[in-house]
Amino acid sequence: MSEEMDDIQRRVLRFVNQTHENVYLTGKAGTGKTTLLRKIIRTTHKNCVVVAPTGIAALNAGGVTIHSFFQLPFASFIPSDDFEWMQTSIRVENHSSLRKHFTMRGNKRSIIRNLELLVIDEVSMLRADVLDAMDFFLRFIRNDQRPFGNVQVLFIGDLWQLPPVVKNDEWQILSKYYPNIFFFNAKVLQNNPPVYIELKTIYRQNNPHFIEILDHLRDNFITYDDVETLNEYVQADFDIQAHENYIVITTHNNKADEINQESLDAIEEKTYSYHATIDKDFPFKLYPIEETLELKVGAQVMFVKNDLSPHKRYYNGKIGQVSKLTYDEIYVRFSDEGTEIKVEKYDWQNIRYDIEPNTKKIKEEVLGTFTQFPLKLAWAITVHKSQGLTFEKAVLDISGVFAQGQAYVALSRLTGLEGLVLLNPIRLNGLRSNHSIIEFAENQISGDRLTRKLENATGEYLSQLIVEAFVWQEVHFLWQKHIRTYSPNARRSFKTKYIDWADTSAKQFEELHLLAEQFVGQLNRLFSNTHPDLDFIRERFDKAYSYFFPLLDKIYGQIVRVYLEVKKVKNVKAFIAEVEELEDAHLQLILNLNKQQKMIELIQTHHPIDKKSLQSEMIENYRKNKFATIEKELKEEALKLKIQG
């Protein structure tokens, strides 16, 4: 990895971990966006969720689909309460109708409220109206009217690749609200554009002339000379079956399937079938490859995953030939390298997000797995399915004019011109880029401006963290709401035995809340200075923590005691849910205070902020230890009463 790439990577990681800025991370094909995404997910200290527009994109990114996570119906979204266009032949949702879909169990609501970083992969396919629906969902569930409900968003993708899909009748409606369907036209981003960062170093191609042609195509400056150069590689009668390691990239699924099947049928060898093992919940629409893989010795195959072993013998898109088959083994040789490997099976995971009750950290829960050899027939593939793959040799079957983005995707799969074959000449008029994408790309910042932006955003993030650690309005609101549920006319109900506890705890918290509000005022005055004194601010924070924590800890202990007393009582589900909500909110408040104290120390001492540096014994074990202590006390009290009785 080059120094330039290292520097950009470090900046992206700092933007994610040390600021609250939304970021658009892009880069030409082959610049390592996916690799960086995996590093961010692996190292970030923030509660993170990864989503993507399609099932396969979500599976590849290790996340879930946008529609499933945000509980969105498949429809067009009007970014208002406007009902003017509701009577149409297509499904249309607005703010009023969307609210009806936002019903969820407590666990899902807790995930949304604890969410800090939302990663959206393959953002080129994300529609502006869908992003606005996501924004509305987050504001509504988090009860926070700031953009995305104050969740940081990392957009990852390449807008010169595959675009969003919108039907003509949908666009007739949406065009009244959006100038274009790309995600950056969403209402939520008009006054809050993301920081635009582009990875520059290309790892897939190293031929300067080919890179220049791809740059021209991407930047809408494709020339007649570029087209003439490409058309030198036209071989209309090229026989794919007579040339090893070439793969046809075509625009239609049926054409790719036909080429693969005809090529397999032409081999006069025994057919072996390998069936995927599907465990638990793994929907058909998420299958990453065919459930049944049919092969013959001599078949051309492509790996669809990277080799996870230290040997790195293959990568996603590497082509080879089947050299040996048994009923449970597959061997593939790479003729260019003179090597042969035994292929191991791979597990794809269907996940959903859950919340860890003790730490309030978002975690992945595996719902099911799809286990199969990571291979597919590789005489042909569609442009869409080739996105993200790397080929040394490819035949482009691009009859007629490309759809917008397909030219760049298809050509940029190749490592160089020497591996290119065109079945038809390329036309200049089919290679124009979208002007709105080019205009959006002008927002890119780099160099000193990016450094200054990072420094300023880090300072703003620190001040926001410190101040918001003492903004307890939502917890105060929960106490007031809970107090109102005690009916003075229902003195005989089970719940009323806890009215004194609720009243006392609410008053205790209200006193702390008023003091916290005063402290927030002090902090805001300190941060209003051009160069705030971080040493003094840290000292004030530590003193406030020392005062507030024991009192909050005492209130939390009482909540836990009530919860443990009533959780097994029948017919009081509503009361239990209210106490659970209070417990969740107080725990989040206490853990957040602890985390911000550690964060101030790291930022002040210029230490990197990541998952490892923010690990804390207190955060990991606070809730577990508190529950264990209270449970022990309750057992001892019950035993004492039994003895006395």
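If the chain linking K640 and W171 were pulled fully straight, counting 0.36 nm for each residue of separation and taking away their Cα-Cα distance, it would gain 161.6 nm. For E468 and R99, the FRET efficiency from 1/(1 + (r/R0)^6), where r spans their Cβ atoms and R0 equals 22 Å, is about 0.25.
Compactness of segment 548-645 was expressed as the Cα radius of gyration divided by 2.2 N^0.38 Å, which yields 1.39.
For segment 467-621, report the accessible area per residue in Å² (1.4 Å probe, heavy atoms, rounded to an integer). Could you put the intermediate results ahead of the total?
Values: 8530 Å² over 155 residues.
Normalised by residue count, the accessible surface of segment 467-621 is 55 Å².
Taking the charge dipole of the chain about its Cα centre, with +1 at Lys and Arg Cβ atoms and -1 at Asp and Glu Cβ atoms, the residue from V188, T19, Q145 reaching farthest to the positive side is Q145. Compute the distance from the alpha-carbon center of segment 296-367 to that of segment 113-192, in whole Å. Between the Cα centres of segment 296-367 and segment 113-192 lies a distance of 33 Å. Were the residues from Y224 through K270 laid out at 0.36 nm apart, the gain over their Cα-Cα distance would be 11.7 nm. Extension gain, D533-E294: 0.36 nm per intervening residue step, less the Cα-Cα distance, totals 79.2 nm. Computed from Cα atoms, the angle from the helix 3-18 axis to the main principal axis of the chain rounds to 30 degrees. Take the convex hull of the alpha carbons in segment 94-169; its mean projected area over all directions comes to 6.1 nm².
Can you pull the percent of Cα pairs in segment 1-157 with separation above 22 Å? The share of Cα pairs beyond 22 Å in segment 1-157 comes to 44 percent. To test your reading of the geometry: what angle, between 0 and 90 degrees and rounded to tens, separates the Cα axis of helix 208-218 from the longest principal axis of the chain? Helix 208-218 sits at roughly 60 degrees to that axis.
Would you please classify the overall shape of segment 150-224 from the alpha carbon gyration tensor, given that a ≥ b ≥ c denote the square roots of the eigenvalues, rounded means a/c under 1.5, and beyond that prolate means a/b larger than b/c while oblate covers the rest? Please report the intermediate quantities before stating the final value.
Numbers: a/c = 2.90, a/b = 1.55, b/c = 1.88.
Oblate is the answer for segment 150-224, as a/c is 1.5 or above yet b/c matches or exceeds a/b.
The distance between label points at Q518 and E580 comes to 3.8 nm (points 7 Å beyond Cα on the Cα→Cβ vector).
Reported value for segment 454-562: 107 Å³ per residue, from the convex hull of its C-alpha atoms. Rolling a 1.4 Å probe across the protein heavy atoms gives segment 40-147 an accessible surface of 37 Å² per residue. For segment 201-315, a Kirkwood radius taken over Cα pairs fed into Stokes-Einstein (4 °C, viscosity 1.567 mPa s) yields D = 71 µm²/s. Within the set K28/K360; K280/K481; K28/K598; K363/K573, which residue pairs have Cα atoms separated by over 32 Å? Flagged as over cut-off: K28/K360; K280/K481; K28/K598. Quick one: pull the percent of accessible area on the chain belonging to carbon and sulfur, 1.4 Å probe, ligands and nucleic acids left out. Its accessible area is 48 percent carbon and sulfur atoms. The charge dipole of the chain, taken about the Cα centre with unit charges on the Cβ atoms of Lys, Arg (+1) and Asp, Glu (-1), comes to about 3160 debye, rounded to the nearest 20. With θ taken as phi - 60° and the Karplus curve 6.51 cos²θ - 1.76 cosθ + 1.60 applied, the whole-hertz 3J(HN,Hα) list for segment 161-171 is 9, 5, x, x, 9, 9, 7, 4, 5, 5, 5 Hz, x standing for glycine and proline.
DSSP loop (so not H, G, I, E, B), at most 16 other Cβ within 10 Å: list which trypsin sites (Lys or Arg not before Pro) in segment 40-129 pass both filters. Answer in residue order: R91, K100, R105. Working from the Cα coordinates of the chain, the gyration tensor eigenvalues give, after taking √(5λ), semi-axes of 52, 29, 25 Å in decreasing order. Taking every protein chain into account, the accessible area of segment 268-381 amounts to 51 square angstrom per residue (probe 1.4 Å).
For the chain, the longest principal axis of the C-alpha atoms and the axis of helix 534-566 are separated by about 80°.
Simple rule: put +1 on each Lys or Arg Cβ and -1 on each Asp or Glu Cβ in the chain, find the dipole, and look at L118, S175, Y556; the Cα lying farthest toward the positive end is Y556. Distance between the 7 Å Cα→Cβ label points at Q588 and R452: 3.7 nm.
The values are calculated or read from the model by the stated rules, or taken from the named source; none is laboratory data. Because the structure is a prediction, the values reported are computed rather than measured. Using ideal geometry, Cβ is built from the backbone for each residue, glycine included, and neighbour counts are taken over all protein chains shown. In case anyone asks, the SASA skips ligands and DNA or RNA and just uses the protein heavy atoms, side chains included. Shrake-Rupley method; radii C 1.70, N 1.55, O 1.52, S 1.80 Å.
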